[in-house]
Each structure stands twice: as C-alpha cells, then as structure tokens.
Amino acid sequence: MTGIAWSKRLVKPLVAAILVATTCVALGIWQIARLHQKQQFNAAVRAGLAAPPAAIDTLLPEGVDPEAVRYRRVEATGTFDTAHELILYGRTQRSQAGNHMLTPLRLDDGRAILVDRGWVPLDVDQPGAAAVAPPPGDVHVEGVLFSSDGGPPAVVGGAAVRESTFAKIDLEAIQSQIPYAIAPVYLLLRRQTPAQPDRFPRPAPLPELSEGPHLGYAVQWFSFAAIAAAGFVVLALRDTRDGGGADDDRSG
C-alpha cells in the first residue's frame, strides 16, 4: 500500500513536469525554426545585393513573380508623381521618430513603381509637402526591390475614400489609391540623380542582417525543459527515500 500511495503523490508533479518540459521543448524548436528563417532571409538579401544593378525593364517583365526579384538591385529613370504620394507612418531612424515618403515613379515606358524615398521628421506628415519634394522632371534612381507587405496590386483606383497614410507597404491597398497600375514590388531608394534638393527624405537603411537572439532563446527553453525533468527526478528520489524510512519505522 505504501508503494501505491507514493505513486499517487507523484502523479501531479509528474504531469506538471511533462507539461512544462513539453512546452519548453516546443518553444525551443520554434526558436530554432525562426533562426533558420532568419538565416534564409539573410542569405536571400546577400545574394540579391551581390548582383550588379539591373535595368528595371529586364527585372520586371510582364507577369514576373515578385518573390523572384526581391532584394535585387535595380535602376530606373522616370518622373515622380507627387500628386499620388503617400505616407508610411511610424518609422524611426537614428532614434528619431518620423515617417517615410512613398512616391510613385512614372517610368519612361508608361509603367510605374512605388518608391520608398526615405525618412522625414514627424512634422512632415502631408503627402506632397514642398519641403521634401523630389527633383522635377526625369530622375534616375537606384535601389533595392522588396515584395509587398500585403497582397499584390490588383484593383486600379478602386477605393471610394482616398487614404494618404499607411502602416505598412501593402501594395494591394496602395494600388486602390493610385489611378494607374504599379509594379508588384516596390523600390527602397538608395541614391538618385539629380540629388534630393534638401536633406530630407533621408534614404532608409537596408534590413539588418543579423541572426537575432533566437539561438540563445532556444538554449534557454531547452535548459528549462531539462530543469523541469531533473526537478521531478530529484523529487521522486526524495519521496522514495522518505517513504522507505517510514516503512522501516513501522516494521520496527
């Protein structure tokens, strides 16, 4: 009977240890998966940036898969359409709060691509602000292509109410604000000719290519799982020892 009572005392600690260890292992595996995703992202960005800049018409033929050209360096010539400029709000640079200016570039062949021209201070919160206007006429730009943060552009000028600010570069939503078709990717500006008349917008930096803290977090979660298992073993051994001592006393 003493053995049965001892087993019953350990049921709840055993279940708790299994739940804690299983959860921690699952979280550790998830962190490893996130690490692999980050490594794949870094490799894709490095591969794209390693290629020389290509003309936009060669990288963006009709029906191109946006995923196939993301992170590629590109150059294009066109005219900025400030009448359909938008604000990407809530962006910081050099620890300063601000926004990004999103301006369509009308290309020489009649197409258009959305250009993230860079960061501006918070007081520049209106599209088409004269203080951050791009050079007039033809502008040659160089930048890096990125895919949409939402769906691909589909409906041209379909929105009943015009929006001027966006929380992310969702080309599907942005396309509804522009009366002509835009490319299925956008361009993060690196440089332009002629240069920007004023010091703003300031080109935004490329994504940081670090692996982040995922490996360290994974080690922590696996350590917590091991601690939970070891804790139960210690508890079971102690319970066995205490139960054995009680049996010896009763038998005497």
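Derivation of every value follows stated rules applied to the coordinates shown; laboratory data play no part. Please read all numbers here as calculations on a predicted model, not as lab measurements. Every residue, glycine as well, gets a Cβ built from its backbone with ideal geometry; the counts of neighbours run over all protein chains shown.
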If the only charges are +1 at each Lys and Arg Cβ and -1 at each Asp and Glu Cβ, what is the size of the charge dipole of the chain around the Cα centre, to the nearest 20 debye? 800
Option label - Rg and Dmax of the Cα atoms in Å computed here, alternatives (1) 29.0, 104; (2) 18.0, 60; (3) 17.6, 56: (1)
Net charge dipole size for the range 6-143 [Lys, Arg +1 and Asp, Glu -1 on Cβ; Debye, nearest 20]: 1540
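Under the definition of Cα pairs under 8 Å and six or more residues apart, what whole-number percent is the relative contact order of the range 115-172?
The normalised contact order for the range 115-172 reaches 35 percent.
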How much mean residue ellipticity at 222 nm does the chain get from its helices, if each DSSP H run of length 4 or more adds -39500 (n - 2.57) and you divide by all residues, to the nearest 500 deg cm²/dmol? -13500 deg cm²/dmol
Added length on full extension, which subtracts the Cα-Cα distance from 0.36 nm per residue, residue 130 to residue 159: 7.9 nm
Long-range amide H partners of residue 118 with built H, under 5 Å: 101, 204
The alpha-carbon center of the range 99-129 and that of the range 36-52 are separated, in whole Å, by 26
Could you list which residues have their amide H under 5 Å from that of residue 166, counting only those 5 or more apart in sequence or on another chain, with H placed in the peptide plane? 87, 88, 89
Given H placed on each backbone N at 1.01 Å, which residues far from residue 149 in sequence or on other chains put an amide H within less than 5 Å of it? 169, 170, 171
Count neighbours as other Cβ atoms within 10 Å of each site's Cβ, and list the trypsin sites (Lys or Arg not before Pro) in the range 67-126 that are DSSP loop with at most 14 such neighbours. 94
The chain, relative contact order [Cα under 8 Å, separation at least 6], %: 25
Taking the Cα centre of the range 1-146 as the origin and placing charges on Cβ (Lys, Arg +1; Asp, Glu -1), which of 76, 124, 40 is farthest toward the positive end of the dipole? 40
Looking at the chain as a GNM with Cα springs under 10 Å, which of 92, 23, 82 has the largest mean-square fluctuation? 23
Residue with peak Gaussian network fluctuation, the chain [Cα springs, cutoff 10 Å], from 239, 170, 108: 239
